[in-house]
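The values are calculated or read from the model by the stated rules, or taken from the named source; none is laboratory data. The structure displayed is predicted, hence computed values, not measured ones. With ideal geometry, Cβ positions are generated from the backbone for all residues, glycine too; neighbour counts draw on all protein chains shown.
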Amino acid sequence: MSLRLPAAGLAVLLLAFSASTVMAAAPSAAPGHNKIQCFDGGDATCTLNSKGAKGSATLVVNAGGAAGVYYLGYNDSVYGALLGDVTRLSFQYTGDAPTAGAPRFSIPIDEDNDGLTEAFAFVPAISCNNGNGKVDVIGDSTCLVYYAPDGVAGWANWAAFAAAHPTWEVALTDNYLFAIADEPGTWTLSNVTIGKPGK
């Protein structure tokens, strides 16, 4: 069953490259099973599929809709981790060709270590694809990272982004890190992996 986000949260998800907005949902206690959760809104659906070691979900998005997946809870303690300490951030996808912003990772960034999101960093599949439908933000040095407040066209990769901001963290208290599609298309996301050292 999908999680329907409140209007405020959905509005954030529909902003592909917002510089300073935040989601309404906040990380909560871990559910005991490291499975992805769905969210959707507008003219879009996210459907969890039963197969796959880490679970998978099919996103069907029409104009004005948004759908995606996240982990419920503090997955591998990634929330509050320094950007340079994040060592796993990937998903596989099949379906339509990626668009400018879909599917993509949206990562809440805490610039001043107060636990709250200043803005989201984005890593879209269209500029981070190993040729086999895998988005591997940490392991693929060609994955571009976009963070509008920096005023740059795009960081060459996660390592460059993290090196430029050594004290920044993944926001701890007010947002999830999620994979999302908010442009028309159909994709199945699987093997969504998020983590930091030792996990």
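For the range 173-198, taking the residues that are out of contact with any helix residue (DSSP H, G or I) (no Cβ under 7 Å at 6 or more places or on another chain) and of a type in the set (A, V, I, L, M, F, W, C), the one that is surrounded by the most Cβ atoms within 10 Å (Cβ to Cβ) is identified as 181.
Restricting attention to the range 64-113, the residues that are modelled with pLDDT of 95 or more, of a type in the set (Asp, Glu) and either crowded, with 19+ Cβ neighbours inside 10 Å or touching a Gly at 6+ places or on another chain (Cβ under 8 Å) (or both) add up to 2. Would you point out the residue of the range 92-126, among those that are β-branched (Val, Ile, Thr) and without any contact (Cβ under 8 Å) to a residue 60 or more places away in the chain, that is nearest to residue 191 (Cα to Cα)? Looking at residues that are β-branched (Val, Ile, Thr) and without any contact (Cβ under 8 Å) to a residue 60 or more places away in the chain, I get 123.
Part of a loop (DSSP other than H, G, I, E, B) and touching a Ser or Thr at 6+ places or on another chain (Cβ under 8 Å): does that describe residue 129? Give the steps one after another, and end with the answer.
Working: part of a loop (DSSP other than H, G, I, E, B): yes; touching a Ser or Thr at 6+ places or on another chain (Cβ under 8 Å): no.
So residue 129 does not fit the description; no.
If you go through the range 114-136 and keep only what is touching a helix residue (DSSP H, G or I) at 6+ places or on another chain (Cβ under 9 Å) and closer than 24 Å to residue 165 by Cα, you end up with 118, 119, 120, 121, 122, 123, 135.
Check whether at least one residue in the range 169-181 is out of contact with any Phe, Trp or Tyr (no Cβ under 8 Å at 6 or more places or on another chain), modelled with pLDDT of 95 or more, over 16 Å from residue 129 (Cα atoms) and assigned to a strand (DSSP E or B), and report yes or no. Yes; the residues of the range 169-181 include at least one that is out of contact with any Phe, Trp or Tyr (no Cβ under 8 Å at 6 or more places or on another chain), modelled with pLDDT of 95 or more, over 16 Å from residue 129 (Cα atoms) and assigned to a strand (DSSP E or B).
Contact map, the range 127-143: residues that are at positive phi and touching a residue at least 40 places away in the same chain (Cβ under 8 Å) paired with residues that are surrounded by fewer than 18 Cβ atoms within 10 Å (Cβ to Cβ) and in a loop (DSSP other than H, G, I, E, B), Cβ distance under 7 Å, separation 6+ or inter-chain. No pairs are found.
Among the residues of the range 153-172, are any touching a Pro at 6+ places or on another chain (Cβ under 7 Å), farther than 23 Å from residue 44 by Cβ and buried (at least 17 other Cβ atoms within 10 Å of the Cβ)? It would help to see each step written out before you state the result.
Of the range 153-172, the ones touching a Pro at 6+ places or on another chain (Cβ under 7 Å) are 170-171.
Next cut, farther than 23 Å from residue 44 by Cβ only: 170-171.
From the residues that got through so far, the ones that are buried (at least 17 other Cβ atoms within 10 Å of the Cβ) too are 170-171.
Yes, the range 153-172 contains at least one residue that is touching a Pro at 6+ places or on another chain (Cβ under 7 Å), farther than 23 Å from residue 44 by Cβ and buried (at least 17 other Cβ atoms within 10 Å of the Cβ).
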